[in-house]
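Below: the structure, in structure tokens.
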Amino acid sequence: MSRKTKSNLQVAGIYAFIGIVFVAILYPLMWTIGLSLNPGTSLYGSSMIPENFSFVHYQWLFFNPASDYLLWYKNTLIVAVITSISAVVVVSLIAYAFSRYQFIGRKNGIYTFLLLQMFPVLMAMVALYILLNMVNLLDSLTGLILIYIGGAIPMNVFLVKGYFDTIPKELDESAKIDGAGHLRIFFTIMLPLAKPILAVVALFNFMTPFMDFILPSIILRSPENYTLALGLFNFINEQFGNNFTRFAAGAVLIAIPIATVFLFLQRYLISGLTSGATKG
């Protein structure tokens with residue numbers, strides 16, 4: 001086999017693999033969009049390309065008095081925005097301390113963050129439930145936000161610290177010679193240079209409340225406090241008689257804020273995803 005033929009086969013194999021992945025991603029997405037446009041409520045009587053397009057399910061979500069969808073959307077946006085901003089602030093401060101300062105327990109602290117990533121969140125659900133119940137934050141968005149922020153620390157601190165380590169310490173020393181303090185160095189030098197990795201942290205923590213179902217289902221009990229993932233589950237539960245088409249319409253609308261944030265942060269994401277773990 002000639003080198004040119006071998007190269008062409010490799011390229012063909014790469015494109016075939018990309019095509020398979022593309023179909024695996026696009027197929028369920030098209031089914032969800034098509035399902036939301038079917039006028040009926042049954043999953044089995046629907047088709048991916050409906051003959052009669054209908055926006056009746058979207059109208060129900062927004063205008064029907066029995067729908068709490070807008071309330072759930074607002075709750076999720078509140079949790080997502082506060083979690084994303086708070087996680088960026090807390091994670092960047094902790095990562096800066098681990099990257100630039102020498103203190104007792106620094107090495108063990110880094111190893112602890114790595115160790116915490118090995119355990120699934122489900123292991124802490126009972127403890128989190130008891131803790132929130134003790135401080136009267138059960139069935140509240142505040143308690144959910146605090147858990148999300150705390151859960152964002154281990155993995156993200158390790159990533160941001162790795163990025164901070166790639167920033168030359170000579171910049172800090174030059175700023176200190178000019179009279180800059182620690183906070184000024186952090187806000188005027190470190191944060192502007194770390195925008196790519198902070199954008200990754202912001203996006204991931206913004207997405208979590210939209211995608212997570214298990215934690216809200218344990219913490220939240222009142223329908224007025226539901227997030228979208230928990231609220232939409234009722235559409236395919238006994239309460240709404242397995243209304244999969246309405247569930248699909250609500251799921252499609254979840255992509256709007258996530259896509260908006262992604263497009264806003266896109267210029268930072270590519271370099272941020274590849275730089276956080278280059279040095280630790």
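The values are calculated or read from the model by the stated rules, or taken from the named source; none is laboratory data. What you see is a predicted model, and the numbers here were worked out from it, not measured in a lab. Here the Cβ positions follow ideal geometry from the backbone for every residue, glycine too, while neighbour counts run over all protein chains shown. The accessibility values were calculated without ligands, DNA or RNA, using every heavy atom of the protein model including side chains. Shrake-Rupley method; radii C 1.70, N 1.55, O 1.52, S 1.80 Å.
Things to note:
- Evaluation of residue 49 against the conditions (1) open to solvent by 70 Å² or more (accessible area, probe 1.4 Å); (2) in a helix (DSSP H, G or I) shows that the sole unmet condition is (2).
- Looking at the stretch 105-223, the helices (runs of 4 or more DSSP H) lying wholly inside it that each contain 1 or more residues that are in contact with a Gly (Cβ under 8 Å, 6 or more places away or on another chain) and more than 21 Å from residue 91 (Cα to Cα) sit at 125-134, 214-219.
- Looking only at residues of the stretch 227-280 that are crowded, with 16+ Cβ neighbours inside 10 Å, of a type in the set (Ser, Thr, Tyr) and out of contact with any Asp or Glu (no Cβ under 8 Å at 6 or more places or on another chain), we find that the one that is modelled with the lowest pLDDT is 275.
- Summed over the stretch 116-150, residues that are in contact (Cβ under 8 Å) with a residue 60 or more places away in the chain, open to solvent by 40 Å² or more (accessible area, probe 1.4 Å) and closer than 22 Å to residue 201 by Cβ total 1.
- Selection from the stretch 80-112 of residues that are open to solvent by 60 Å² or more (accessible area, probe 1.4 Å) and more than 17 Å from the chain's Cα centre (by Cα): 93, 101, 102, 103, 104, 107, 108, 111, 112
- Of all residues in the stretch 151-164, those that are open to solvent by 30 Å² or more (accessible area, probe 1.4 Å) and of a type in the set (Gly, Ala, Ser) total 1.
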